[in-house]
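The values are calculated or read from the model by the stated rules, or taken from the named source; none is laboratory data. Fair warning: this is a prediction, and the values are worked out from it, not measured in the lab. Here the Cβ positions follow ideal geometry from the backbone for every residue, glycine too, while neighbour counts run over all protein chains shown. Just the protein is used for accessible areas: all its heavy atoms, side chains included, with ligands, DNA and RNA removed. Shrake-Rupley method; radii C 1.70, N 1.55, O 1.52, S 1.80 Å.
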2 protein chains.
Amino acid sequence: MDVAPEVYASQLAQLLKSKDRAALLHEIEGVEAADLALAARHLPHEETVELLKLLPEEFSADVIVHLEEDDREEVLERLTPREIADAVEEMASDDAADIVAELEEEKAGEVVELLEEEDRKELVHLLAYPEDSAGGIMALEVVSVREDRTAARAIEKIREAFHEMSEDFYYVYVVDGSARLVGMVPLARLILAAPDQTIRSIMDEETHAVPATMDQEDVAQIMEKYDLPSVPVVNEEGLLLGRITVDDIVDVIREEAEEDYSRLAGTGEEEFREESITRKVALRLPWLVTGLFGGVLSAVVLSRFEKNLQRVIALAFFVPVITAMGGNVAIQSSAVMIRKLATEDISAREAIRRLFREVGASIVTGVTCSVLIFLTAWLWVHDRRLGYVVGGSMLTVILMATTLGACVPFALFRARIDPALATGPFVTTSNDILGILVYLTLARWMLS
Amino acid sequence: MDVAPEVYASQLAQLLKSKDRAALLHEIEGVEAADLALAARHLPHEETVELLKLLPEEFSADVIVHLEEDDREEVLERLTPREIADAVEEMASDDAADIVAELEEEKAGEVVELLEEEDRKELVHLLAYPEDSAGGIMALEVVSVREDRTAARAIEKIREAFHEMSEDFYYVYVVDGSARLVGMVPLARLILAAPDQTIRSIMDEETHAVPATMDQEDVAQIMEKYDLPSVPVVNEEGLLLGRITVDDIVDVIREEAEEDYSRLAGTGEEEFREESITRKVALRLPWLVTGLFGGVLSAVVLSRFEKNLQRVIALAFFVPVITAMGGNVAIQSSAVMIRKLATEDISAREAIRRLFREVGASIVTGVTCSVLIFLTAWLWVHDRRLGYVVGGSMLTVILMATTLGACVPFALFRARIDPALATGPFVTTSNDILGILVYLTLARWMLS
């Protein structure tokens, strides 16, 4: 698509206004659902709904799947349960389940009631899995064949399944007499097989199957590690349930990275897709008020040292640099630990080894920064003792912040809490308070 | 693989020590290259090299491809050009090019010299593309067929190409008489076609082909948007050059997200894969010294207000909360803008619309935080005028930080500089300095 989405949107809006359905359909011919969904971001939701109603059902369903989540919410609110059900029946099972899950409970119930028997069963089955499990992201459309059948039979099965599958599948899955997954055959190999070859003789036994209960991030790790375009999903008995394709995993990887990023930034992850001011405020204010409260505590700590500050006012000059450096160092070491934990499972021994390296690195950076700030304080304020205080507390704060930065994420990980919580305003502010405490305690002790 | 990589590594180490090649090969049977590469992280590099020499050539090549970059560097240093060339000849063209690109120039030259004619040509061709372009990540192994040929001929072409392809391909590409890409056929459709059907009658004309010069992040966006398992790569004349599969793109997406994350954290992105203390120090120290320098500037600014501080020492208490809040707010709005820019191309109008929303949200959060800090200052220090100063500068700093946070990434993006540079110690520190300046200027003006 060569035109910008907003330009295309205004073309569509004009055609919608002219009520010329034929011209509209002609214009849309050859345009892909993903592009139309992108243009819809720049249309009022009423017009998007009007557009969807004019489109052929299958295409309309495809556009709904591709809409951004916040647009989709608005659009679905404006469609009747009947209209949604018609669209849902055109979708692949995983998309259908995602969209029904986004509806309000009551409306979702009505939509499910309106579905055909088989679609309803599939949907209810899928909705039973947690949203972020393998079962929650799998599609039920797979081609499977028994291991004792021939290549010709497998091709026959593809033909039978074809009307309800997209063409984006790469493997025929192989099951035994009790429907347990025992292997898979890449399509390219099936093409080259003689029609009477048994499936068993051409299948791979290693399928990298994942249990339906596995967390989606673990599925992503497996697919990434072995470069798999798709994986089969099985239940506890090893029965084949469905498959996950790599495009679903791409979303998981992006979401996971964005989640860590948003934690570090102190925003909600949803914000990257969020538009409304009210939601922005609701997501950010808790972080900010926490930060503010921490800041007030810093102020209280400072006030306890009022006499020292009054005697040597220059002490106050170095408060921002001490707190800023502690924060910078803590974020550096926690960020490295958090990303490591997001991609690997780390043993306690490995964590200790990493901690030693972090501390090792921070001894070097800490001593460098301390010497620099000592020289600054000494040469500028002409007070060598003040230099000792500032330099000494800089070193202490850097070492302390590194240790906390590396340990807290690991401790959270062990306690099965998201390690990324070790960043963000709360932790940064605690670091500020600790830094000020170390600095002024040292000052009181050395300068009195 | 059910054992932990470090446990498996120690098993391998013992077998290596016993020099029993048969037992070692028996142990490794059925293990995947990715798992062996993971275990190698816990082996001394000498032992990894020893292991690689014992393995069948093809498998050994596969393990090298799966090693982490830092391990691979060490391993390749210990292999002769002849050994590397043998491994490279077993690899897919894209992996071969990546690995030769990692070698020192002289050794890379020697390796290329030792390759067979055809492999050498391919490699030189691939190495000519920038590393982060579509050409730089594509593989040359594609199956293509002319549009006027039959389905049976396409299957014949798959058979011919099979020995040098992995089985992970999903499309047969269709070219015209001058080798220009004109369409593609999904394998599933080819399976169902009658042998004498022409390729033209079953092909899709939309191929989502990307030019070889396209940036890899743009390729990732296209594949993600249209949910494509692979895309063909063409040159300026539209000639088919190769293909990119989604597993290469998964790496791009992860790297891109990690790059933004590492910028925000003030570490190098390489650090997520980096082990050595020296490298850690080299990556972090520049950021920290920048931060330190900024901190010294904060101190200088504070010292210019020495008299005001001395008169009302309570002013100093609120310095950390003002700087911290400015930093928090700036990071929130820049992070949202940066992620948005990473996934979409934003027009100036759209940017302004977003800025208004950011400012709108920050008026609400700013007023809330200002009132809270005003009440704190007033009730605690019993000085209403101090409350006005702290509350007023809190609001100013929050509005200013939001505006900067949202505008700077966009300006950098427009200037074709990575927007993620708008975060990290440099920007945070400038924010500190600005915050202190606003706060104490307001104080001097209102309290004197």
Members of the stretch B:1-58 found to be of a type in the set (D, E, K, R) and touching a helix residue (DSSP H, G or I) at 6+ places or on another chain (Cβ under 7 Å), listed by number
B:21, B:27, B:41, B:47, B:50, B:57, B:58
Under 7 Å between Cβ atoms, which residue pairs at least 6 apart in sequence (or on different chains) link something in the stretch A:246-257 that is within 16 Å of residue A:418 (Cα to Cα) and facing another protein chain (nearest Cβ under 7 Å) with a partner that is part of a helix (DSSP H, G or I) and among the charged types (D, E, K, R)?
A:253/B:254; A:257/B:254; A:257/B:258
Do we find that residue B:172 is in a loop (DSSP other than H, G, I, E, B) and hydrophobic (A, V, I, L, M, F, W, C) in this structure?
no
Taking the stretch B:186-201, which residues are at pLDDT below 95 and of a type in the set (A, V, I, L, M)?
B:187, B:188, B:190, B:191, B:192, B:193, B:194
For the stretch B:139-169, how many residues meet the condition of being within 16 Å of residue A:170 (Cβ to Cβ) and part of a helix (DSSP H, G or I)?
2
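Can you tell me which residue in the stretch B:166-182 is nearest to the other protein chains (Cβ to nearest Cβ), limited to those that are under 23 Å from residue A:161 (Cα atoms) and without any contact (Cβ under 8 Å) to a residue 40 or more places away in the chain? Lay out the reasoning, then the answer.
If we filter the stretch B:166-182 for residues that are under 23 Å from residue A:161 (Cα atoms), which is where we start, we get B:167-172.
When the remaining residues are screened for being without any contact (Cβ under 8 Å) to a residue 40 or more places away in the chain, the result is B:167, B:172.
Working: B:167: 4, B:172: 10 Å.
Out of the qualifying residues, it is B:167.
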When the residues of the stretch A:143-168 are narrowed to those that are open to solvent by 10 Å² or more (accessible area, probe 1.4 Å) and under 32 Å from the mean Cα position of the chain (by Cα), which ends up farthest from residue A:230 (Cα to Cα)?
A:164
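In the stretch B:1-105, which helices (runs of 4 or more DSSP H) lie fully inside it and hold 1 or more residues that are open to solvent by 40 Å² or more (accessible area, probe 1.4 Å) and in contact (Cβ under 8 Å) with a residue 60 or more places away in the chain? Give the steps one after another, and end with the answer.
Values: elements: B:5-18, B:21-28, B:33-40, B:45-54, B:57-66, B:69-77, B:81-90, B:93-102.
Helices (runs of 4 or more DSSP H) meeting the threshold: B:69-77.
Any residue at all in the stretch A:314-333 that's among the hydroxyl-bearing types (Ser, Thr, Tyr), touching a helix residue (DSSP H, G or I) at 6+ places or on another chain (Cβ under 6 Å) and crowded, with 24+ Cβ neighbours inside 10 Å? Step through it out loud before you land on a result.
First, pick out the residues of the stretch A:314-333 that are among the hydroxyl-bearing types (Ser, Thr, Tyr): A:323, A:333.
If we keep only those that are touching a helix residue (DSSP H, G or I) at 6+ places or on another chain (Cβ under 6 Å) too, we end up with A:323, A:333.
From what is left, the residues that are crowded, with 24+ Cβ neighbours inside 10 Å are A:323, A:333.
Yes, the stretch A:314-333 has at least one match.
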Can you tell me how many residues within the stretch A:145-165 are more than 9 Å from chain B (Cβ to nearest Cβ), touching an Asp or Glu at 6+ places or on another chain (Cβ under 8 Å) and either under 26 Å from residue A:92 (Cα atoms) or not hydroxyl-bearing (Ser, Thr, Tyr) (or both)?
6
Which condition number does residue B:346 fail, the rest of (1) open to solvent by 10 Å² or more (accessible area, probe 1.4 Å); (2) within 13 Å of chain A (Cβ to nearest Cβ); (3) within 29 Å of residue A:34 (Cβ to Cβ); (4) not hydroxyl-bearing (Ser, Thr, Tyr) being met?
(1)
Checking residue B:108 against (1) closer than 30 Å to residue B:4 by Cβ; (2) at pLDDT 90 or above: exactly one of these is not met. Which one?
(1)
Scanning the stretch A:113-126 for residues that are over 28 Å from the mean Cα position of the chain (by Cα) and aliphatic (A, V, I, L, M), the one surrounded by the fewest Cβ atoms within 10 Å (Cβ to Cβ) turns out to be A:114
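Which residue out of A:377, A:443 is open to solvent by less than 10 Å² (accessible area, probe 1.4 Å), facing chain B (nearest Cβ under 10 Å) and in contact with a Phe, Trp or Tyr (Cβ under 9 Å, 6 or more places away or on another chain)? Working first, answer last.
Working: A:443 fails: facing chain B (nearest Cβ under 10 Å).
So the residue among A:377, A:443 that is open to solvent by less than 10 Å² (accessible area, probe 1.4 Å), facing chain B (nearest Cβ under 10 Å) and in contact with a Phe, Trp or Tyr (Cβ under 9 Å, 6 or more places away or on another chain) is A:377.
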Sole exception among (1) within 26 Å of residue B:68 (Cβ to Cβ); (2) surrounded by fewer than 20 Cβ atoms within 10 Å (Cβ to Cβ); (3) in contact (Cβ under 8 Å) with a residue 24 or more places away in the chain for residue B:220, by number:
(2)
So, in the stretch B:210-242, how many residues would count as being within 13 Å of chain A (Cβ to nearest Cβ) and under 24 Å from residue B:150 (Cβ atoms)?
1
Is there a residue being within 13 Å of another protein chain (Cβ to nearest Cβ), more than 17 Å from residue A:287 (Cα to Cα) and hydroxyl-bearing (Ser, Thr, Tyr) anywhere in the stretch B:397-411?
no
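Residue-wise test of (1) open to solvent by less than 20 Å² (accessible area, probe 1.4 Å); (2) at pLDDT 75 or above; (3) among the aliphatic types (A, V, I, L, M).
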{"site": "A:227", "(1), (2), (3)": "no, yes, no"}
{"site": "A:231", "(1), (2), (3)": "yes, yes, yes"}
{"site": "A:240", "(1), (2), (3)": "no, yes, yes"}
{"site": "A:246", "(1), (2), (3)": "yes, yes, yes"}
{"site": "A:256", "(1), (2), (3)": "yes, yes, no"}
{"site": "A:260", "(1), (2), (3)": "yes, yes, no"}
Report, ordered by the first and then the second residue, all pairs with beta carbons closer than 6 Å, sequence separation of six or more or different chains, a first member in the stretch A:310-323 that is facing chain B (nearest Cβ under 7 Å) and free of Cβ contacts under 8 Å to residues at least 24 places away in the same chain, and a second member that is among the acidic types (Asp, Glu) and part of a helix (DSSP H, G or I).
A:313/B:306; A:320/B:432
All but one of (1) crowded, with 17+ Cβ neighbours inside 10 Å; (2) assigned to a helix (DSSP H, G or I) hold for residue B:129; state the number of the condition that does not hold.
(2)
Output for the stretch B:262-317, where each listed residue is at pLDDT 80 or above and among the small types (Gly, Ala, Ser):
B:282, B:291, B:294, B:295, B:298, B:299, B:303, B:314, B:316
Please work out if residue A:136 is open to solvent by less than 30 Å² (accessible area, probe 1.4 Å) and not hydrophobic (A, V, I, L, M, F, W, C).
yes
From the list A:415, A:443, A:420, pick out the single residue that is free of Cβ contacts under 8 Å to residues at least 24 places away in the same chain and either among the hydrophobic types (A, V, I, L, M, F, W, C) or touching a Cys at 6+ places or on another chain (Cβ under 9 Å) (or both).
A:415
When the residues of the stretch B:183-209 are filtered to those that are part of a strand (DSSP E or B) and open to solvent by 40 Å² or more (accessible area, probe 1.4 Å), which remaining residue is nearest to the other protein chains (Cβ to nearest Cβ)?
B:204
Restricted to the stretch B:275-309, and to residues that are farther than 20 Å from residue A:440 by Cβ and aromatic (Phe, Trp, Tyr), which residue is farthest from the other protein chains (Cβ to nearest Cβ)?
B:293
Output the number of residues of the stretch A:380-392 satisfying the condition of being surrounded by fewer than 22 Cβ atoms within 10 Å (Cβ to Cβ), in contact (Cβ under 8 Å) with a residue 40 or more places away in the chain and under 13 Å from residue A:443 (Cα atoms).
4
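Would you say residue A:364 is at pLDDT below 90, more than 34 Å from the chain's Cα centre (by Cα) and within 25 Å of residue B:294 (Cβ to Cβ)? Step through it out loud before you land on a result.
Details: at pLDDT below 90: no; more than 34 Å from the chain's Cα centre (by Cα): yes; within 25 Å of residue B:294 (Cβ to Cβ): yes.
No; evaluated as a whole, the condition is false for this residue.
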